[in-house]
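The values are calculated or read from the model by the stated rules, or taken from the named source; none is laboratory data. The model shown is predicted, which means the values in this text are computed figures rather than measured ones. Because the Cβ atoms are built from the backbone with ideal geometry, glycine has one as well, and the counts that use them run over all protein chains shown.
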Amino acid sequence: MNLASAVKTQNTAKDKRFKMLDATIKRYQYQQDALIEILHKAQELFGYLENDVLIYVAHNLKLPPSRVYGVATFYHLFSLAPSGVHRCVVCTGTACYVKGAQAILTNVEKIIHIHPGETTADNQISLLTARCLGACGIAPAVVFDDTVLGNQTAESVTERIKGWLQDGST
């Protein structure tokens, strides 16, 4: 039995979320170009895209797991690990980088003591980076809990993060 079959056999019988994912894959008629939509549904169902879910999707769409993983890691809206209560995504695209994204990122790392791709020990704040948010005209851009804010500075981002910390949610 191959890995994908083992994942399918092991998990679908126990987890109704896989049945719901199957319905989504079927609705898209097993089309490979529906990968992003299917991954969105998988993340909605599971909270994040764990390896067995990626392998399951790859198997059902007859795609190499490397392609599914590549798509899941390219887009900043996908997460391969459980996210914190709050998410801070710093754009590191060219325009944002030139206008100070690295200083913002360094400052956030110092405040919450984690690196991009990590979540604080109390699972309250996740720090992520994005290759490009498509908000170059308002660079540097940062996403706070799904809200994109432009023209950010290390100070403005620090203020937002400290607000999260003071709200008692961390």
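Here is how the numbers come out for the structure above:
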read-out: Boolean, T73 is surrounded by 20 or more Cβ atoms within 10 Å (Cβ to Cβ), hydroxyl-bearing (S, T, Y) and closer than 21 Å to L45 by Cα; value: no
read-out: Residue match in segment 93-108 (condition: touching a helix residue (DSSP H, G or I) at 6+ places or on another chain (Cβ under 9 Å) and closer than 30 Å to K41 by Cβ); value: yes
read-out: Within segment 84-100, tally of residues that are farther than 16 Å from T147 by Cα and not in a helix (DSSP H, G or I); value: 4
read-out: Residue check for Q152: in contact with a Pro (Cβ under 8 Å, 6 or more places away or on another chain), modelled with pLDDT of 95 or more and more than 24 Å from A72 (Cβ to Cβ); value: yes
read-out: Residue within segment 41-53 that is modelled with pLDDT of 95 or more, within 23 Å of A130 (Cβ to Cβ) and in contact with a Ser or Thr (Cβ under 6 Å, 6 or more places away or on another chain) present; value: yes
read-out: Considering residues of segment 12-38 that are out of contact with any Phe, Trp or Tyr (no Cβ under 8 Å at 6 or more places or on another chain) and hydrophobic (A, V, I, L, M, F, W, C) only, the residue farthest from Y48 (Cα to Cα); value: A13
read-out: Top-ranked residue of segment 119-156 - restricted to ones that are charged (D, E, K, R) and out of contact with any strand residue (DSSP E or B) (no Cβ under 6 Å at 6 or more places or on another chain), ranked as farthest from L49 (Cα to Cα); value: E155
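Every residue, every condition in (1) in a loop (DSSP other than H, G, I, E, B); (2) in contact with a Leu (Cβ under 8 Å, 6 or more places away or on another chain); (3) assigned by TED's automatic domain parsing to the domain that holds N51; (4) not hydrophobic (A, V, I, L, M, F, W, C), yes or no:
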{"site": "L63", "(1), (2), (3), (4)": "yes, yes, yes, no"}
{"site": "S66", "(1), (2), (3), (4)": "no, no, yes, yes"}
{"site": "Q102", "(1), (2), (3), (4)": "no, no, no, yes"}
{"site": "N107", "(1), (2), (3), (4)": "no, no, no, yes"}
{"site": "H115", "(1), (2), (3), (4)": "yes, yes, no, yes"}
